[in-house]
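Colleague: One structure, pasted below without further comment.
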Amino acid sequence: MGRTADELGIVDLLDPSPLDTISRSDSGAERRWIVRRTHFRQQGVQHELVLLSEASEALRAEERTAWQRIIRVLGHEIQ
């Protein structure tokens with residue numbers, strides 16, 4: 001609270017371009033985040049809500065499943 005987007009290092013998230021997934025390094029590890037934006041009014045003042053959901057594990061699991069399918073198909077083709 002009370003810190004600017006620049007201080008938090010998230011200025012690029014305020015860019016109006018529609019970002020769905022971004023990657024960030026955190027303590028040397030690459031993490032992927034899903035970004036959602038919405039606008040709301042509080043006491044007549046317009047605000048923008050930026051929601052970040054950490055998705056690295058879910059995306060890795062999907063990648064692993066896709067690779068397993070590819071390997072299974074290639075295994076059948078080789079035989």
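Every number here is computed from the coordinates shown, using simple stated rules; none is lab data. From a predicted model like this one, the values you see are computed outputs, not experimental measurements. As a convention, Cβ positions derive from the backbone with ideal geometry for all residues, glycine included, and neighbour counts pool all protein chains shown.
Colleague: Give me the distance in nm between label points sitting 7 Å out from Cα along the Cα-to-Cβ direction at residue 29 and residue 77, one decimal.
Modeller: Computed distance between label sites residue 29 and residue 77 equals 3.4 nm.
Colleague: What does the charge dipole of the chain about its Cα centre add up to, to the nearest 20 debye, if the Cβ of each Lys and Arg holds +1 and the Cβ of each Asp and Glu holds -1?
Modeller: Dipole about the Cα centre, nearest 20: 260 debye.
Colleague: List 12, 20 from most exposed to least, where exposure is judged by having the fewest other Cβ atoms within 10 Å.
Modeller: Listing 12, 20 from fewest to most nearby Cβ atoms yields 20, 12.
Colleague: For helix 56-78, what angle does its Cα long axis make with the longest principal axis of the chain, in degrees from 0 to 90 and rounded to 10?
Modeller: The answer is roughly 20 degrees.
Colleague: Right, here's the next one. Taking every alpha carbon pair in the chain, what does the distance histogram look like in 5 angstrom bins from 0, in percent?
Modeller: Binned Cα distances yield the sequence 3, 11, 15, 18, 15, 10, 8, 7, 5, 4, 2, 1, 1, 0.
Colleague: Quick one: compute the contact order of the stretch 1-56, relative version, from alpha carbon pairs under 8 angstrom and 6+ residues apart, as a percent.
Modeller: 26 percent.
Colleague: Could I have the simple spin-label model distance between residue 43 and residue 6, label points 7 Å from Cα toward Cβ, reported in nm to one decimal?
Modeller: About 2.6 nm, to one decimal.
Colleague: In deg cm²/dmol and to the nearest 500, what is the mean residue ellipticity at 222 nm of the chain if only DSSP H runs of at least 4 residues count, each as -39500 (n - 2.57), divided by the residue total?
Modeller: Roughly -11000 deg cm²/dmol at 222 nm, from the helical runs in the chain.
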